[in-house]
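The values are calculated or read from the model by the stated rules, or taken from the named source; none is laboratory data. What you see is a predicted model, and the numbers here were worked out from it, not measured in a lab. Reconstructed Cβ throughout: ideal geometry from the backbone, glycine too, with neighbour counts over all protein chains shown. For accessibility, only protein heavy atoms count, side chains too; no ligands or nucleic acids. Shrake-Rupley method; radii C 1.70, N 1.55, O 1.52, S 1.80 Å.
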Amino acid sequence: MSDIRVCFPDRPQFSGFMKPCRVEGDVSQLEVYGEIPKEIDGVFYRVMPDPQLPPFIDNDPWFNGDGNVSAFRIKDGRASFRQRYVRTEKFVREREAQRALIGKYRNKFTDAVEFKVRSTANTNVVYFNGQLLALKEDSPPYAMDPVTLETKGLYDFEGQLPSLTFTAHPKFDPVTGEMVCFGYEARGDGTPDVCYYSVSPTGKFTEVVWLVAPVVAMIHDFAVTDNWVSEPVPRSVCDIQRMKQGGEHWQWSPETPLYLGSCPSNVMQWFQYKNSFPGHTANAYEDEQGHLVIDLGLSEKNVFFWWPDAQGSAPEPSSIVSQLVRFTIDPQSEKRALSKPEILQHGNSEFYRIDDRFATCPYRHCYFDLMDPQLGTDLERIGPKLGGGFPLYNAVAHFDNVTGETEVYFPGDVHLVQEPVFLPRKDSTTEGDGYILVLVNNYETMASELHLLDTRDFTRAQARILLPVRLRQGLHGSWVDGGDLNPRTA
Ligand SMILES: [Fe+2]
């Protein structure tokens, strides 16, 4: 036992605000400064990678930790908080062994024991058919009770799930409630197979399509319109031999183009663009000409700098910039080389969210994290407490696709922001009429805050909800309206 690490490595991703949180618990009646409108009734779920135990891999990336799910219940002008780890196979077996057993990120050949499923369930939480699904793209979902956050277990949709993997970014048809998903490396590590599936709101698989990607690469997010699915394939590629030798699952490949595949049925058309790194999708739709409009974040550099190229080269993290861009694709065109996308918003941005009632449709409003050094964040002051290994954003922005204007909410000079989420205003059907919730890291108090913005007065917080704990950088989450929750759970 003497070689088992009992403290986290002295690395940026395990230091300062990035020190693992490792807390489970409940806090009722969080402190509220300002006012939470009484009409808001629902739950904001989000998940963070949060290693319960020190890894035995020395330089484990920040997002290889166990999924720890936070739920903020907001009702009657008050907010309460609950947090539970997802009881994955990894979590349960490591807790029992009192040590880390899993090895490198998505490399089973480096594990201390053999796992049936390596999921960390740490990337997204979505509510579907009465259950909360905790997602990691290398595995099926884990199902959780949306109220107690108790883990029910690995979820294969009653045996219907055709692939070994399930995306962390499923899309929902706002009209039908259908969930459209995919899995890549769908037949196992290193396989080029991609499997798409549509699931009815009651959980029945209605369509399954198998495809083969041109390279085995990380397909983190995708885009869905009425008739098409599109997947941006970046240059992080897999080599099973490298993995067997203890190397990384992903390696940056400068000679591989960005592929953008579009598929109306079971034949994928692969369009190409110069080497670049696609980030998250904001939205996609078909325009009047039948062209596909896909809005997403795009960077010219390797955003996952912790997985360098074969020569070990990676960009300096502070030099990486991502912008909100628009690809417009004529799917009938014989031309496979894509033109330069339109830059919709020039800021350094990511974590794009919309009014989800307009997903897959022409839309106007986009909300996202922004890094603008001119806003006055005191990086010198917060630097020693920052930790590292993750991208920094100091504001939330609202971009209007019609006017081209951007509004910015700056939470303070010792604050950084995590992903925002949009909540529609009660009884309003107008796109973008509602609220934004965003988790804010306060580097002075070293605790987290939830800031509530009214989109009619975007630049100031309507309420600041204080937590007595520090929630490490997380990834994605969802707002679930109280009326949409299972009646059993509301
Ligand atoms: Fe993501």
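Just to confirm, what accessible area per residue do you get for segment 311-387 at 1.4 Å probe, in whole Å²?
52 Å²
May I ask for the distance between the Cα centers of segment 1-50 and segment 205-228, given as a whole number of Å?
33 Å
So, for segment 1-143, what is the accessible surface per residue at a probe of 1.4 Å, expressed in square angstrom?
40 Å²
Determine one quarter of the surface area of the Cα convex hull of segment 25-123, which equals its mean projected area, and express it in nm² to one decimal.
The number I arrive at for segment 25-123 is 7.6 nm².
Would you kindly state how much longer the chain becomes between Ser313 and Thr403 on full extension, computed as 0.36 nm times their sequence separation minus their alpha carbon distance, in nm to one decimal?
28.4 nm
Please work out the ratio of the alpha-carbon Rg of segment 274-388 to 2.2 N^0.38 Å and round it to two decimals.
On the way: Rg = 16.9 Å, N = 115, 2.2 N^0.38 = 13.4 Å.
Ratio of Cα Rg to 2.2 N^0.38 Å: 1.27.
In whole Å, what are the extents of segment 342-403 along the principal axes defined by its C-alpha atoms, from largest to smallest?
Cα extents, longest axis first: 44, 21, 18 Å.
Any idea how far apart Val117 and Ala447 come out in nm if each label point goes 7 Å out from Cα toward Cβ?
3.6 nm
For the chain, give the percent of accessible area contributed by carbon and sulfur heavy atoms, probe 1.4 Å, rounded to a whole number.
48 percent
Please report the orientation-averaged projected area of segment 136-249, defined via the convex hull of its C-alpha atoms, in nm².
8.3 nm²
Mind checking the alpha-carbon convex hull of segment 400-490 and giving the volume per residue in Å³?
Looking at segment 400-490, the number lands at 130 Å³ per residue.
Given Cβ point charges of +1 (Lys, Arg) and -1 (Asp, Glu) and nothing else, what value in debye, to the nearest 20, does the dipole of the chain about its Cα centre take?
Once rounded to the nearest 20, the dipole reads 1280 debye.
Going down the list Lys104/Lys171; Lys104/Lys274; Lys75/Lys116; Lys116/Lys301; Lys75/Lys108; Lys136/Lys335, which pairs span over 32 Å between their C-alpha atoms? Provide the component values of the computation, followed by the final result.
Details: Lys104/Lys171 29 Å; Lys104/Lys274 30 Å; Lys75/Lys116 40 Å; Lys116/Lys301 35 Å; Lys75/Lys108 43 Å; Lys136/Lys335 35 Å.
From Lys104/Lys171; Lys104/Lys274; Lys75/Lys116; Lys116/Lys301; Lys75/Lys108; Lys136/Lys335, over 32 Å: Lys75/Lys116; Lys116/Lys301; Lys75/Lys108; Lys136/Lys335.
Glu288 to Val215: extension gain in nm, 0.36 nm per residue of separation minus the Cα-Cα distance?
23.1 nm
When N is the residue count of the chain, what does its C-alpha Rg come to as a fraction of 2.2 N^0.38 Å?
0.92
Please give the contour-minus-distance gain from Asp58 to Thr176: 0.36 nm per residue of separation, less the Cα-Cα distance, rounded to one decimal in nm.
Result for the pair: 37.8 nm of gain on full extension.
Going from the alpha-carbon gyration tensor of segment 282-346, what semi-axes, largest first and in whole Å, does one get by taking the root of 5 times each eigenvalue?
29, 15, 9
Based only on the alpha carbon positions, what is the Kirkwood hydrodynamic radius of segment 210-352, in angstrom?
Result for segment 210-352, one decimal place: 15.8 Å.
Which distance in Å, rounded to a whole number, links the C-alpha centroids of segment 300-318 and segment 157-188?
Here the answer is 30 Å between Cα centres.
Once you order the gyration tensor axes a ≥ b ≥ c over the Cα atoms, which shape class does segment 47-180 get: rounded for a/c under 1.5, otherwise prolate or oblate by comparing a/b with b/c?
oblate
Using only the alpha-carbon atoms of segment 78-155, report the extent along each of the three principal axes, biggest first, to the nearest angstrom.
Projected onto the principal axes, the Cα atoms of segment 78-155 cover 45, 24, 18 Å.
How would segment 141-194 be classified by its alpha-carbon gyration tensor: rounded, prolate or oblate, with rounded meaning a/c under 1.5 and the a/b versus b/c comparison settling the rest?
oblate
Roughly how many Å² is the accessible area per residue of segment 393-467, as a whole number, for a 1.4 Å probe?
33 Å²
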